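Below: the structure, in structure tokens.
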Amino acid sequence: MNNKFSIGEMAKLHHTTVKTLRYYDQIGLLKPIEVDPKSGYRYYSTEQFEHLHTIHYLKELGFSLKEIKEHLENRNIDAFLTLIEKQKEWTEKKIDELQKLRRRFQHRINDITSARQVDQLGVVSIKKLHERKIVRLKETIRTERELELSLRHLENQAGLKSAIFIGGVGLTVSKDNIMAQQFHEYNSIFILVEEGTNSSVTTLLPSGQYACIYYNGNHDDSASYYQILLQYIEKHHFSIVGDAVERTIIDHYISGKREDYLTEIQIPIK
């Protein structure tokens with residue numbers, strides 16, 4: 001019995017479970033050297049330690065149990081190198097995806113941090129804004145239900161799991177609706193995206209001058225602030241040249257305090 005270990009001992013020595021070892025036996029990945037015909041107890045030997053260690057190592061690298069079994073049954077240098085190359089490519093892809101996600105979260109952190117420093121609410125300012133890359137879904141949105149459904153569709157289109165946390169969600173109001181003072185009918189929803197996003201699904205918010213206003217509230221509170229913007233634009237002899245951009249930066253998903261809510265409206269002018 002010096003070179004035989006029960007399934008419990010084998011599991012404890014290799015930081016795994018009895019259930020896992022039984023499954024490996026069932027699929028033929030690691031069979032015990034002996035099974036007691038009376039008790040059904042499984043026994044393993046020291047020669048199998050490295051075998052189990054290899055299974056664990058390849059699992060950590062991301063190989064499936066099927067791939068591990070195929071390798072162990074047909075040990076071949078070329079085949080193993082192919083597996084390693086394949087896993088290296090997969091790892092590099094995941095690193096790239098995580099780096100993009102990290103940048104998105106950092107943008108969101110910067111976004112919210114800057115928003116908390118806004119001290120002039122309800123005051124119009126003129127900003128010169130650069131082009132902004134977006135993923136956009138054009139459709140009429142009038143209700144909260146339509147907004148949420150459109151956001152889910154847009155997240156799927158952009159390949160984002162939660163735009164709320166990644167940030168950059170906005171709505172647009174057409175120039176015609178602004179002039180008709182129909183401020184709560186949106187003609188699109190969008191997500192701001194970064195460089196490297198698939199160009200086939202992105203478009204641009206144009207660069208130029210924008211009349212902008214921050215206010216404490218969400219989309220439901222926008223009407224009076226559109227009126228302030230329109231009065232300012234008329235008073236200073238500007239003209240509206242495109243769709244308004246409306247973006248709630250802090251809302252009930254982020255804070256339970258309504259006094260923290262912050263939305264910005266931007267109307268392109270010349």
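Just so you know, all these numbers are worked out from the coordinates, no wet-lab data involved. Note that the structure is a prediction, hence the values are computed from the model and not measured. Glycine also receives a Cβ, built like all others from the backbone with ideal geometry; neighbour counts cover every protein chain displayed.
Note on the chain: Rg/Rh from C-alpha atoms, Kirkwood Rh, equals 1.26. Within the listed set V245, V124, V201, the residue fluctuating most in the Gaussian network model of the chain (springs between alpha-carbon atoms under 10 angstrom) is V201. For the range 114-270, how many pairs of lysine residues have a Cα-Cα distance under 16 Å, where the two are 8 or more positions apart or belong to different chains? Taking the range 114-270 as the scope, the lysine pair count is 5.
Comparing Y43, Y210, H14 along the charge dipole axis of the chain, the residue lying farthest to the positive side is Y43, per the Cβ-charge model. For the range 177-262, the list of chymotrypsin sites (Phe, Trp or Tyr not before Pro) that fall in a loop by DSSP and count at most 13 other C-beta atoms within 10 angstrom reads Y253.
Averaging sequence separations of C-alpha pairs under 8 Å and six or more residues apart, then dividing by the length of the range 187-270, give the relative contact order as a whole percent.
38
Annotation for the range 91-131: trypsin sites (Lys or Arg not before Pro) lying in DSSP loop with at most 16 further Cβ atoms inside 10 Å of their Cβ are R116. Helical runs (DSSP H, four residues minimum) scored at -39500 (n - 2.57) apiece and divided by the length of the chain put the mean residue ellipticity at 222 nm at -13500 deg cm²/dmol. For the range 39-105, chymotrypsin sites (Phe, Trp or Tyr not before Pro) meeting the loop criterion (DSSP other than H, G, I, E, B) and having at most 16 other Cβ atoms within 10 Å: Y41. With contacts taken as Cα pairs under 8 Å at a separation of at least 6 residues, the range 5-75 carries a relative contact order of 27 percent. Note: the range 112-269, Cα convex hull, 113 Å³ per residue.
For the chain, averaging the sequence separation of C-alpha pairs within contact (under 8 Å, six or more residues apart) and dividing by the residue count gives a relative contact order of 17 percent. Which residue fluctuates most in the GNM of the chain (Cα springs below 10 Å): L229, L13, L101? Maximum fluctuation in the GNM of the chain, among the listed residues, is at L13.
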